[in-house]
Structures are given as structure tokens and as C-alpha cells.
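Chemist: Right, I'll just put the structure down here and ask away after.
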Amino acid sequence: MERTLPTGVDVVVAAQTLGNTVRHTPLDLSLRLSGIRKQSVYLKREDVQVGRSYKVRGAFNFISSLTEGEREAGVVCASAGNHAQGVAFACRQLRIHGKVFLPSTTPRQKRARIHDIGGKWIEQVIGGATFDEASRAAQEYAAAHKATYVHPFDDPRTIAGQGTVVKEIFEQASELPATVVVPVGGGGLLSGTAIWLRTFHPEVKIIGVEPEGAASLRAALDKGEPVTLPKIDGFADGTAVARVGDLTFQIARDFVDEILTIPEGAICTEMLDLYQVEGIIAEPSGAIASAAVARILPDLPDGPIACIVSGGNNDVSRYDDIVERSLVYEGLRHYFLVTFPQEPGALRGFLDQVLGEGDDIVLFEYTKKNNRETGPALVGIEIDAPENLGGLLQRMESSPLTVEKLEPHSPAFSFLL
């Protein structure tokens, strides 16, 4: 039996509940993306929200609805970090004790922020490799201790609170969007967006975008019901959800126009563009919507596009990995296993005859460090443009070298790098 769905009116009530407790975040025109699309593209800056994520909206709306008895028993949540910060903020504001269960992949920066925001009102429990494992532990704890489990996406109160993002967009916009693009993890933000738009602006096109490594909503729509993915890529931790919600599945199925997936490498490229051009520090999940607008979306209806930058909690220590993923995705960085002939000048010949103008060695490491004579070398080469790869491969083929190219999705690639 399908559960009662929240409505657009619930989003209006949630906005009244939130009032000025959370920030009314900016809606900025992106000249870069507008130039790419040849139509106005606006960025809804939830990266500067309380807790640097939209999640506080759903958490505060949910916790505000609790009875006095429920508040005394405390609340529990599971989160990849952003929802926990929202719960921490609500607990501190409303003086309610909370416990948050975090997967081990949660960046250190998010853990520190949860502590700073929640203070004495919040306790962290780290365990499990994914959000879904943390969620099971949190729900078991809630049942055993009669605490309220604050769902990060699959509850009408959470969905309504998260829907206030799009309501705000339409109140701020000088030209009303014809398309709204939303990042998708569990589906709460997408669902809140859909129920409000279908009530008040049914003509607007709604597009949800998931990372390829955690496309749980796409899998659910293909199956006709929520399914649990056997494995997910936790890189875009804010959207790394193995099973979409029951409510959010129903809403997406009935009200959302299109669900797309995007490679993690494209997300990384967009994170760098957001930082270097717009000066926006986005976490991987926060760059998903604008990455889709820049790189994968087909023709859209005439009129402005609104993208939600859903979060800005990115650990600076991750940028090396982000740059690496971006360069590999853009076809600018390639890796090879190169066996050199055992003769003098073999390495010099490689440098002189194989590398072209603009090619640069970024990694050179013997795979057998104690026997360089029999083991190949792992060689990373950065090229000026993707179209230069063909010439490099041709020169390798013509050389006396034995060369194996490591493909980005191969087991050897992930093992060696």
C-alpha cells in the first residue's frame, strides 16, 4: 500500500515553520553556464546555508513537529554528514538531545562541523561503510531506546522542509525558470521540489541527476519499485545512497520528468570550474546539477534553468583526488605499464621518441622496486588535448617497448593508482 504523500501546501507550511531560522540563500546567475547553454542558468546557493547544505531545512521542519514527550526521548539520525549537521543545528536550537550515526566514509571536515554546530546536544557514532549501514544501526538504536528517527529523505516532514529550496527560487527569480535541475541521493530534495512545482508551477520541467556510482532512483524506476544496489561508489558521499526512499520513489515516478546519471569524473571537472570561475566551493554532490547542465543535458525548453548547488562541505584534502578524476575523465591523463628493453639508453629513447610536444610524465614508478630489470614501470602521462592521444599511442606502437594501457574502469587501474 502506498503511503500518504506530502503536498505543495506542506512545503508552504514548512517555509512558515522555518521562518528566518535558516538562511534565504542567494540565487546567482552563472555567466559560464549561461554561455554554454545559450540561455540563463541560475545557481541556488545552498552551499552557504546553515551547515553549508539544504539538509537543515528538512531536519528542522521534522524536529519542530515533535511532541514534548518525543523531544524528551531525543532524536536519532543517520547521515553522510550534511543531514547530521542539520539535525545538530535543530537540536541545539530546540534544546533536544540527538545521536547521529555516520558511515566511515564521512569526511573529517563534516564530522568536525557536526561537533561545532551541535555542541553538547549531539553525539556521533561512526560505523559502517555506507549510509545504508549507518541507517540500519540508527533505526535499531531508535527502536531500542524509544527515540525518534529523523529520516534524511523518506518522511513527509523532511520532504516538505527540503522543498522550501525551490519555493525560495521562484520567490527570488527575476525571470521564472522553465527547468529545475536537482541532485539526487535518497530523493528528498527532488521530491520536495516536485510536489511544490506540480502544485504551483506544473508547466516547469523537473530533472533529477544521480552519480553513476550510486544511481538508486534510476534502478528503482527501471524495476518499478525501490531496490538495493549491491555496490555503490561513495565518492559523492552526499548522494551515495544504495536504496531510494519509498515515498521519494513514488513522487519521482509520478511527478518528475527525467532522471539522468552523470560520471563522477564530470562532477570533479565541474567542482573545479565552480571553484575557479564562480568562486564556489562545492562538495561532489553539490556540483551534480550544474555538471549535468554543462555536460550531459539534451536540449531543454526555452527559458531560464535553475540548478541547486546542494552543499559545500568538501574536505580540502580531497582535491588531489578530484583533480585526478577530472583529468582522467577529460582524457588528459593516461596510465601505462611500460616494459623497457634491457639495453642502454632505453629510457632516453622513450623520452625522445615516444613523448610528443606538450606531453608530460606525471608518474614514473617501477612495479617491482627490488628488480627493475624484469618488472614494467607504471607511467602516467598528461597530454595537452584528448585528440593527441592517438599520436602518443602510435609512437608507442612503433617503439621497441612493450606497453599496456590501463583503462580507467579496469581492476588494474584501481589497484595500481
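We did not get these values from a lab; they are worked out from the coordinates using the rules stated. Bear in mind that the values here come from a model prediction, so they are computed numbers and not experimental data. As a convention, Cβ positions derive from the backbone with ideal geometry for all residues, glycine included, and neighbour counts pool all protein chains shown.
Chemist: Mind scanning Lys167/Lys205; Lys55/Lys99; Lys120/Lys167 and naming the pairs with a C-alpha gap bigger than 22 Å?
Modeler: Among Lys167/Lys205; Lys55/Lys99; Lys120/Lys167, the Cα-Cα distance tops 22 Å for Lys120/Lys167.
Chemist: Return the long-range amide H neighbours of Val41 (sequence gap of 5 or more, or a different chain), with a cut-off of under 5 Å between placed amide H atoms.
Modeler: Amide H neighbours of Val41, under 5 Å, 5+ apart: Ser30, Ser34, Ile305.
Chemist: What does the charge dipole of the range 147-200 about its Cα centre add up to, to the nearest 20 debye, if the Cβ of each Lys and Arg holds +1 and the Cβ of each Asp and Glu holds -1?
Modeler: With only Lys, Arg, Asp and Glu charged at Cβ, the dipole is about 100 debye.
Chemist: To continue, here is another question. Order of Val362, Val181, Val328 from fewest to most other C-beta atoms within 10 Å? Before the final figure, lay out each step's value.
Modeler: Details: Val362 13, Val181 28, Val328 18.
Fewest-to-most ranking of Val362, Val181, Val328: Val362, Val328, Val181.
Chemist: Tell me, how many Å apart are the Cα centres for the range 90-135 and for the range 143-169?
Modeler: Their Cα centres are 16 Å away from one another.
Chemist: Going by the alpha-carbon gyration tensor, a ≥ b ≥ c the square roots of its eigenvalues, is the range 161-298 rounded (a/c under 1.5) or, if a/c is not under 1.5, prolate (a/b greater than b/c) versus oblate? Walk me through the numbers on the way to the answer.
Modeler: Numbers: a/c = 1.85, a/b = 1.02, b/c = 1.81.
Oblate, because a/c is 1.5 or more while a/b does not exceed b/c.
Chemist: Divide by every residue of the chain the summed helix terms, -39500 (n - 2.57) for each DSSP H run of at least 4, and state the resulting mean residue ellipticity at 222 nm, rounded to the nearest 500 deg cm²/dmol.
Modeler: -11500 deg cm²/dmol
Chemist: Compute the relative contact order of the chain as a whole-number percentage, counting only Cα pairs closer than 8 Å that sit 6 or more residues apart in sequence. If you can, show how the numbers build up before the last one.
Modeler: Numbers: 890 pairs, mean separation 65.7, N = 417.
So the answer I get is 16 percent.
Chemist: Let me ask something additional. What list of ³J(HN,Hα) couplings, whole Hz, do you get for the range 123-133 from phi and the Karplus terms 6.51, -1.76, 1.60, once you set θ to phi - 60° and write x for glycine and proline?
Modeler: Computed from phi, the couplings for the range 123-133 are 10, 9, 10, 9, x, x, 8, 9, 4, 4, 5 Hz.
Chemist: With charges set only on the Cβ (+1 for Lys and Arg, -1 for Asp and Glu), what does the dipole of the chain come to about its Cα centre, in debye to the nearest 20? Walk me through the intermediate numbers first.
Modeler: Working: 40 positive and 54 negative charges, 290 e Å.
Value, rounded to 20: 1400 debye.
Chemist: Taking square-rooted eigenvalues a ≥ b ≥ c of the alpha carbon gyration tensor, is the range 294-417 rounded, prolate or oblate, where a/c under 1.5 means rounded and, failing that, a/b exceeding b/c means prolate?
Modeler: The shape class here is prolate.
Chemist: Can you spot the aspartates and glutamates whose alpha carbon is less than 19 Å from Lys231's alpha carbon? Ignore those fewer than 8 places along the same chain.
Modeler: Asp132, Glu133, Glu210, Glu212, Asp222, Glu264
Chemist: At 7 Å along Cα-to-Cβ for each site, give me the label-to-label distance between Thr21 and Val323 in nm.
Modeler: My value for the distance between the label points is 4.2 nm.
Chemist: Related question: Could you work out the relative contact order of the range 331-416? I mean the mean sequence separation of Cα pairs under 8 Å and 6+ apart, divided by the number of residues, in percent.
Modeler: Rounded, it is 42 percent for the range 331-416.
Chemist: Here is a follow-up. May I ask which residue of Gln353, Leu406, Ala173 lies farthest towards the positive end of the charge dipole of the chain, with charges of +1 (Lys, Arg) and -1 (Asp, Glu) on Cβ and the Cα centre as origin?
Modeler: Value: Ala173.
Chemist: Size of the dipole of the range 331-416 about the Cα centre, Lys and Arg at +1 and Asp and Glu at -1 on the beta carbon, nothing else charged, in debye to 20?
Modeler: Result for the range 331-416 is approximately 380 debye, rounded to the nearest 20.
Chemist: Which one, Ala137, Ser104, Val328, projects farthest toward the positive side of the charge dipole computed for the chain from Cβ point charges (K/R +1, D/E -1)?
Modeler: Farthest towards the positive pole: Ala137.
Chemist: Which cross-chain or sequence-distant (5 or more) residues have an amide H under 5 Å from the amide H of Thr130, H modelled 1.01 Å from N in plane?
Modeler: Here the answer is Ser104, since their amide H atoms fall under 5 Å of that of Thr130.
Chemist: Another question, then. Give me Ile305, Ile267 sorted ascending by neighbouring Cβ count inside 10 Å, so fewest comes first.
Modeler: Ile305, Ile267
Chemist: Something else about it: Taking the Cα atoms only, what angle lies between the long axis of helix 389-398 and the longest principal axis of the chain, rounded to 10 degrees?
Modeler: 30 degrees
Chemist: When a/c reaches 1.5 or more, the comparison of a/b and b/c decides; with that in mind, is the chain rounded, prolate or oblate per its Cα gyration tensor?
Modeler: Taking the square roots of the gyration eigenvalues as a ≥ b ≥ c, the chain is prolate.
Chemist: Something else now. Please list, in order along the range 160-173, the HN-Hα scalar couplings obtained from phi with the Karplus expression 6.51 cos²θ - 1.76 cosθ + 1.60 (θ = phi - 60°), rounded to whole Hz, x for Gly and Pro.
Modeler: So the Karplus estimates, Gly and Pro as x, are 5, x, 5, x, 5, 4, 6, 4, 5, 4, 6, 6, 8, 5 Hz.
Chemist: Give me the angle, in degrees from 0 to 90, between the Cα long axis of helix 108-118 and the longest principal axis of the Cα atoms of the chain, rounded to the nearest 10.
Modeler: Approximately 20 degrees, to the nearest 10.
Chemist: When Asp299, Asp321 are ordered from fewest to most other Cβ atoms inside 10 Å of their Cβ, what list results?
Modeler: Fewest-to-most Cβ neighbours within 10 Å comes out as Asp299, Asp321.
Chemist: What list of ³J(HN,Hα) values in whole Hz, one per residue of the range 67-83 in order, does the Karplus curve 6.51 cos²θ - 1.76 cosθ + 1.60 (θ = phi - 60°) give from phi, with Gly and Pro shown as x?
Modeler: Rounded to whole hertz, the list is 6, 4, x, 5, 5, 5, 6, x, 10, 9, 8, 10, 6, 7, x, 6, 4.
Chemist: Working from Cα positions, state the angle (0 to 90°, nearest 10) between the long axis of helix 55-64 and the longest principal axis of the chain.
Modeler: With both axes taken from Cα atoms, the answer is about 20 degrees.
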